Amino acid sequence: MSEQLKQPDVVTRGYVSERGPFKINENPKVQQPNPEAEVNPDAISAYFEHSALAEKYGEEATREKIVKMAQAFRGGAATTPLFAQGGDHGMSLVHVWFGANFELFRHSHPKYGDCLYYVVAGELTLGNRKLGPGSTFFLPNGQPYKYTAGPAGVELLEFRAGGGVDEAPGMCLDELSLDAIDKLIDNYDSNRHLWKVPENIGDVAYQQLELEL
């Protein structure tokens, strides 16, 4: 190859922001969930901040319902970290997959700051809006949200850039009643047989195409 056609290496020396230096991460495989994994009731109930529900229905009844929900959605969700930085303004990027017709529980993440979601493949329904590939939605820190994956599932990229509250919970369960959680469990039980975890990021697009054909 001639010198004129060679592409120069990326210049990195001296180019460092408050978020860190230049870095490349090659695309990983989707981290596969283990639907047979044992659920630790104490760990699950501690992971989901649920004080509002506990005040309304009692701690024991609320804990029991949360554990059943966690057991029911095993195998229907996969999270693959792609990039992470420390510091108050450190950026992070996570790939998230949800299986066919998976109804994500209403929740919020006040510990981790604002979040921008990008739909990679498949589709989801957020409120009365159906969002396909290329769609985005932005969530201010701590805002509760939920959505439902489409018939082939959905893949998203989750961008964060600091701004959270360190002492806040990482996951708040914002469902309004135990009956609402029962409906989620019914959804998971009804759709579990359709859940097919993708091997590679973007594979849901092929599954959706198969459904359309």
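What the table below lists for this structure:
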| item | result |
| --- | --- |
| In the range 41-99, residue farthest from Pro110 (Cα to Cα) [restricted to those that are modelled with pLDDT under 95 and open to solvent by less than 30 Å² (accessible area, probe 1.4 Å)] | Ser45 |
| Qualifying residue in the range 187-194 (condition: within 15 Å of His107 (Cβ to Cβ), hydrophobic (A, V, I, L, M, F, W, C) and either touching a residue at least 60 places away in the same chain (Cβ under 8 Å) or in contact with a Pro (Cβ under 8 Å, 6 or more places away or on another chain) (or both)) | no |
| Residue within the range 109-117 that is of a type in the set (A, V, I, L, M), open to solvent by less than 50 Å² (accessible area, probe 1.4 Å) and under 12 Å from the mean Cα position of the chain (by Cα) present | no |
| Index of the failed condition, Glu210 passing every other in (1) in contact (Cβ under 8 Å) with a residue 60 or more places away in the chain; (2) surrounded by fewer than 15 Cβ atoms within 10 Å (Cβ to Cβ); (3) not aliphatic (A, V, I, L, M) | (1) |
| Sole exception among (1) modelled with pLDDT of 95 or more; (2) farther than 27 Å from Gln32 by Cβ for Glu167, by number | (1) |
| Qualifying residue in the range 122-137 (condition: farther than 21 Å from Gly202 by Cα, open to solvent by less than 40 Å² (accessible area, probe 1.4 Å) and in a strand (DSSP E or B)) | no |
| Every pair of residues 6+ apart whose Cβ atoms lie under 8 Å, when the first sits in the range 144-173 and is free of Cβ contacts under 8 Å to residues at least 60 places away in the same chain and open to solvent by 20 Å² or more (accessible area, probe 1.4 Å) while the second is among the aliphatic types (A, V, I, L, M) and assigned to a loop (DSSP other than H, G, I, E, B) | Lys146/Leu104; Thr148/Leu104 |
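The values are calculated or read from the model by the stated rules, or taken from the named source; none is laboratory data. Note that the structure is predicted; figures quoted are calculated from it, not measured. Positions of Cβ are generated from backbone atoms using ideal geometry, with glycine treated the same way; all protein chains shown enter the neighbour counts. These area figures cover heavy atoms from the full protein model, side chains too; ligands, DNA and RNA do not enter into them. Shrake-Rupley method; radii C 1.70, N 1.55, O 1.52, S 1.80 Å.
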